[in-house]
Structures are given as structure tokens and as C-alpha cells.
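Heads up: the structure comes next, in C-alpha cells.
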Amino acid sequence: MLEQVILNLTRNGIEAMQKTPPDERELTIRSRVNHGGAIEIEIADTGCGIPASMAGAAFEPFFTTKPDGLGMGLSICRSIMELHHGQLWATRNAGRGSTFHLTLPVMQT
């Protein structure tokens, strides 16, 4: 299920860059252990970005900016992250595009 979250966010990033000039398209996926000891994955793109006025609604069911979208992808992704005791949120990039942040607690065995 977690790989489905990463796949969906990656696909969204690629689709968001459709109108970005080809030589300016960049999709970056980073992972690290954050200061709280959780695993953090960041998926950043140089696409159109999430408008500030819509940032809060982006994870609501049936919210979409795509003409043929159902508006369930981000909502399902957030639910999957919460089932794994993680979090998912988005930020606007300084230049262009968005970054989606996923955090997961490290499980001790």
C-alpha cells in the first residue's frame, strides 16, 4: 500500500509538469530520517503547484483540478499513511511546483 502512495504522488507530479517547458521539468524523490526519528520521504516537482487557496482542500474526497479526475487519489493516499501511523501533507515550492511530504514512524523490532 505504501508503494501505491509513492506511485500516485509521483504520477501526480509528472502530470503537474505537462505544461512546464521540458528543460525545466524536474521530479525529485528524497528520503531521510528526520529530527523526530521518523522516516520522511519528499516528492517534489516543478509543475503548476497547488494554488494557496486550494491547499487545504487538496486532500478532501472528490477534490480535483484535473478535468478527468475523480478527486480520490490524495484522500486515499492520506488515509493509507494514517493507517500506517504516518502523515502526508503538501507545501508549495519557492520557485514553482509542490512538494509532498510523507512521514512514517520507525518500528522497533
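What the table shows:
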item: Cβ-Cβ under 6 Å pairs, at least 6 apart or on other chains, the range 16-33 side at pLDDT below 95 and outside any strand (DSSP E or B), far side surrounded by 10 or more Cβ atoms within 10 Å (Cβ to Cβ) and among the acidic types (Asp, Glu); result: Ala16/Asp45
item: Within the range 21-52, tally of residues that are touching a Leu at 6+ places or on another chain (Cβ under 7 Å) and surrounded by fewer than 16 Cβ atoms within 10 Å (Cβ to Cβ); result: 1
item: Filter result (surrounded by fewer than 19 Cβ atoms within 10 Å (Cβ to Cβ) and either among the β-branched types (Val, Ile, Thr) or within 12 Å of Ala38 (Cα to Cα) (or both)) within the range 85-98; result: His85, Gln87, Thr91
item: Pick from the range 1-20, criterion over 25 Å from Met107 (Cβ atoms) and crowded, with 18+ Cβ neighbours inside 10 Å, ranking: farthest from the chain's Cα centre (by Cα); result: Met17
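The values are calculated or read from the model by the stated rules, or taken from the named source; none is laboratory data. Because the structure is a prediction, the values reported are computed rather than measured. Please note: Cβ atoms are built from the backbone with ideal geometry, for glycine as well, and neighbour counts cover all protein chains shown.
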